[in-house]
Amino acid sequence: CALCGRTDDCPEKYGEKRTYVEYNLTVHYYCLLMSSGIWQRGEEDEGVDGFLITDIRKEVNRAAKLKCNICKKKGASIGCVAPKCKRSYHFPCGLQRECIFQFMEDFRSYCWEHRPVQTFTDKEPREASQCTICLDLVEHLPLYTVLKSPCCKNAWFHRECLQYQALSAGIFFFRCTVCNNKDNFQKEMLRMGIHIPERDASWELEENAYQDLLHCYQHCDVKRCLCKKGRDYNEPDSKWEIKRCQYCGSRGTHLACSSLRSWEQNWECMECRSIFAKSGKYSKRKKRALATSEKTNGTTCLLEEPPPKSPRQSSGSPRNFLLQSPKIMCQNLSPCSHLEFPASNRVTMSLSPVMSNRNWSLRHRHLRKQRWEACNILKELKVQVKTKTTRLNINAENIWSSALKGFRQRIFSPTNTIEVSFSNGKNRSKTKTSAASKHNFFQLLMHHLQNSSLFEGSSGKNLSLDFQAVKENLYFEAGKMIAVCLVHGGPSPGFFSKTLFDCLVYGPENVKPVLEDVADVDVAQTIKTIKYANNLSSLQSTLQDCCEFLAAAGCLKPVTALCDKNVLVNDLLIYHVIKRITLPLESFKQGLKTLGVLEKMQMHPDVFSSILCHKPERLSAETVCDLFTIHSSSDVNKVEGADFWMGYLQDVESGESVVTLEDILLFVTGSCYIPSIGFDPEPTIKFLHITYPIGNRLLNCLELPITKTYQQFKNKMELTIRNTLRVEKE
């Protein structure tokens with residue numbers, strides 16, 4: 001190593017040993033990280049993880065003049081940060097002499113004399129206890145090799161055990177092994193020199209580690225199976241899709257075999273039904289299920305995507321004290337970003353809660369980063385918006401017609417500030433214009449577009465072919481509305497298919513559609529039959545049966561070999577998914593050019609894919625907490641007030657409250673979702689000597705009362721938010 005001079009290759013102690021032949025340089029990662037005279041001035045892909053080669057050379061030259069106070073050799077690049085302490089040492093020497101290296105913030109180093117220590121009270125039990133990691137005994141003594149938990153009185157660990165645990169678990173899973181506390185535990189361990197790497201757990205990164213969990217029960221167990229292709233046949237998004245028992249998951253039925261109208265309907269196997277019948281709970285559950293099905297009014301389709309049955313739990317994110325290090329400048333996570341999943345991953349997401357957590361952290365960070373970048377790009381586009389206002393009078397009972405009329409009025413300009421006034425179609429009563437009205441309008445408009453005849457598909461949507469819509473130029477208006485919605489603070493659409501998005505960004509000539517893009521069930525079945533023909537005679541027979549279908553698509557060609565089916569299938573897909581909707585696509589693109597949105601999409605495809613092709617996750621306590629900046633006056637206990645606030649958010653998320661997280665956001669900002677462009681101004685919290693909380697939607701400010709107990713705080717929050725929103729709704 002150019003810094004410590006040792007040849008040891010021990011990643012657990014010194015970090016990864018890296019050799020760069022082109023620079024004639026070898027360094028231990030921790031030696032480089034903890035060196036006192038070097039900072040990460042480049043990007044992550046420059047030099048050595050952002051440490052420029054020229055800076056490393058300078059640091060090696062600087063260290064060459066300093067003698068290590070431990071081994072007395074030159075090259076001591078690390079110095080104690082304590083005032084007036086002039087000790088310098090190599091990283092390996094510092095470990096041997098029991099120095100503390102803090103892998104956070106400024107990456108400070110403390111010598112053996114000035115290192116931080118944990119406080120021990122006289123009441124601490126002196127007898128040895130069991131380390132909950134290695135299960136060996138650990139002495140309750142103030143030693144470098146012994147650490148105690150900050151959250152559990154009787155939890156003691158060996159330092160070496162904790163370090164190995166941290167390297168294996170990573171920042172998302174490293175926590176107290178006794179009480180599972182994460183925040184306080186990580187903060188204390190970082191202070192005491194435990195390195196917690198910013199990566200996923202080692203067991204999450206292992207390839208195919210959870211492969212067995214991908215196996216789903218695929219068998220129809222009803223007494224009389226109606227499927228001609230057998231009990232094991234499963235065709236997604238059709239009446240022959242297999243639905244598993246909602247309780248045990250180990251029995252199944254075809255939708256048609258149990259007269260289920262859609263995948264959304266729940267189904268119980270006979271074994272589970274008999275158990276509930278004996279317990280007396282089945283009749284109640286059945287009544288509730290019937291009441292739910294009646295609300296659908298028979299409009300449910302076999303191809304519709306079921307809504308989420310429960311909010312996904314966030315696995316947490318690293319705290320600011322680690323992420324905002326000036327030395328390792330990670331990509332900061334956006335407090336206002338939404339995690340999203342492709343809408344087409346229904347089956348995978350329903351397999352197992354363990355599978356839903358696999359690769360969660362990496363996807364979470366990646367999508368958050370992209371949405372944060374999209375937020376910044378949209379803010380650049382919003383500079384075009386002027387203070388001059390345009391008012392849209394929206395009929396609450398006919399959102400589409402009134403929105404279309406407003407966007408087509410002569411005085412409408414997308415660069416004007418939009419105000420929305422709602423009216424009721426029956427009594428013509430109007431609501432005052434407000435930010436809440438605008439947020440509500442954009443949300444309703446995006447929901448209508450997603451389910452309109454302009455788009456087709458069960459989840460990820462493609463453009464449909466509606467000749468009347470082409471004649472009335474509705475595809476242009478739809479593109480224009482989406483562009484205006486994004487720039488003026490509306491929700492992210494989140495329903496574009498990858499094929500539609502790629503056509504908009506890269507051009508239809510560069511896109512290869514897949515079978516899932518075909519929305520027409522009969523067309524998809526015909527193409528599937530051609531695709532999976534296993535011999536030439538069956539292929540030719542199939543083509544003969546559907547010659548009119550092939551002629552209409554311009555794909556009626558002689559087939560002389562089985563491999564010809566691949567070209568034929570590709571041509572059919574291109575025709576039905578792309579060529580058929582050339583006019584709607586071009587019109588839709590022209591609409592998206594409004595305010596320069598399409599141009600930015602083509603410049604930043606990955607960024608815009610995160611808000612156009614992915615549906616946002618439900619709000620979580622962590623997301624709402626990070627969204628608000630806390631400001632407090634000098635006479636207010638900010639920490640205690642913040643604890644009440646964060647505790648209340650946790651109660652709301654876990655269902656221990658009469659309000660929801662969406663209600664809280666609506667109370668403060670007038671919006672029940674976080675806009676793609678973020679809030680302007682950014683939401684804040686103030687703790688004041690007031691009786692009840694106040695939501696100032698003009699400033700996006702939540703003024704909270706100072707209370708003595710948490711229960712008082714919770715009661716006041718619920719009473720005010722519930723009554724305010726109830727009055728507004730009425």
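Quick notes on this one:
- Qualifying positions in region 181-224 - of a type in the set (A, V, I, L, M, F, W, C), in a loop (DSSP other than H, G, I, E, B) and at pLDDT 90 or above: M192, I194, I196, C220
- Just one residue in the set T19, T26 is farther than 25 Å from E113 by Cα, without any contact (Cβ under 8 Å) to a residue 12 or more places away in the chain and touching a Ser or Thr at 6+ places or on another chain (Cβ under 9 Å); that residue is T19.
This table checks each residue for (1) at positive phi; (2) at pLDDT below 90; (3) outside the structural domain of L698 (by the TED database); (4) open to solvent by 60 Å² or more (accessible area, probe 1.4 Å).
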site: K405; (1), (2), (3), (4): no, no, yes, yes
site: F412; (1), (2), (3), (4): no, no, yes, no
site: N416; (1), (2), (3), (4): no, no, yes, no
site: G425; (1), (2), (3), (4): no, yes, yes, no
site: Q443; (1), (2), (3), (4): no, no, yes, yes
site: H447; (1), (2), (3), (4): no, no, yes, yes
site: Q450; (1), (2), (3), (4): no, no, yes, no
site: F455; (1), (2), (3), (4): no, no, yes, no
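- Flag for D122 being surrounded by fewer than 18 Cβ atoms within 10 Å (Cβ to Cβ), under 30 Å from C4 (Cβ atoms) and either under 36 Å from the mean Cα position of the chain (by Cα) or not assigned by the TED database to the domain that holds I196 (or both): no
- Selection status of S492, under 27 Å from K382 (Cα atoms) and of a type outside the set (K, R): yes
- Residues satisfying the stated conditions in region 467-487, i.e. touching a residue at least 60 places away in the same chain (Cβ under 8 Å), under 23 Å from I674 (Cα atoms) and open to solvent by less than 10 Å² (accessible area, probe 1.4 Å): A478, G479, M481, I482, A483, V484, L486, V487
- Failed criterion for T629 (all others in (1) open to solvent by 30 Å² or more (accessible area, probe 1.4 Å); (2) free of Cβ contacts under 8 Å to residues at least 40 places away in the same chain hold): (2)
- Considered as a group, the residues in region 225-249 that are among the charged types (D, E, K, R) and in a strand (DSSP E or B) include one that is surrounded by the most Cβ atoms within 10 Å (Cβ to Cβ), and that residue is K243.
- If you go through region 213-261 and keep only what is hydrophobic (A, V, I, L, M, F, W, C), in contact with a helix residue (DSSP H, G or I) (Cβ under 7 Å, 6 or more places away or on another chain) and within 21 Å of C272 (Cβ to Cβ), you end up with C220, V222, C225, C245, C248.
- Restricting region 560-574 to residues that are surrounded by 17 or more Cβ atoms within 10 Å (Cβ to Cβ) and out of contact with any Leu (no Cβ under 6 Å at 6 or more places or on another chain), the residue that is farthest from K512 (Cα to Cα): L568
- Failed item, numbered, when K708 is tested on (1) closer than 20 Å to Q650 by Cα; (2) charged (D, E, K, R); (3) touching a residue at least 24 places away in the same chain (Cβ under 8 Å): (3)
- Qualifying residue in region 549-559 (condition: in contact with a helix residue (DSSP H, G or I) (Cβ under 8 Å, 6 or more places away or on another chain), closer than 27 Å to W372 by Cα and surrounded by fewer than 16 Cβ atoms within 10 Å (Cβ to Cβ)): no
Okay, residues lined up against (1) closer than 27 Å to A469 by Cα; (2) in contact with a His (Cβ under 8 Å, 6 or more places away or on another chain):
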site	(1), (2)
E516	yes, no
K531	no, no
L543	no, no
M601	yes, no
H614	yes, no
E617	no, yes
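- For region 250-267, the candidate set comprises residues that are more than 31 Å from the chain's Cα centre (by Cα) and in a loop (DSSP other than H, G, I, E, B); within that set, the residue that is farthest from R224 (Cα to Cα) is R261.
- Criterion violated by D122 - all others in (1) in contact with a Ser or Thr (Cβ under 8 Å, 6 or more places away or on another chain); (2) of a type in the set (D, E); (3) more than 28 Å from C71 (Cβ to Cβ) satisfied: (1)
The values are calculated or read from the model by the stated rules, or taken from the named source; none is laboratory data. Just so we're clear, the structure is a prediction, and the values are computed from it rather than from any experiment. Don't worry about glycine lacking a Cβ; one is built from the backbone with ideal geometry, like all the others, and counts go over all protein chains shown. Note: accessible area is taken over every heavy atom of the protein model, side chains too, but ligands, DNA and RNA are not part of it. Shrake-Rupley method; radii C 1.70, N 1.55, O 1.52, S 1.80 Å.
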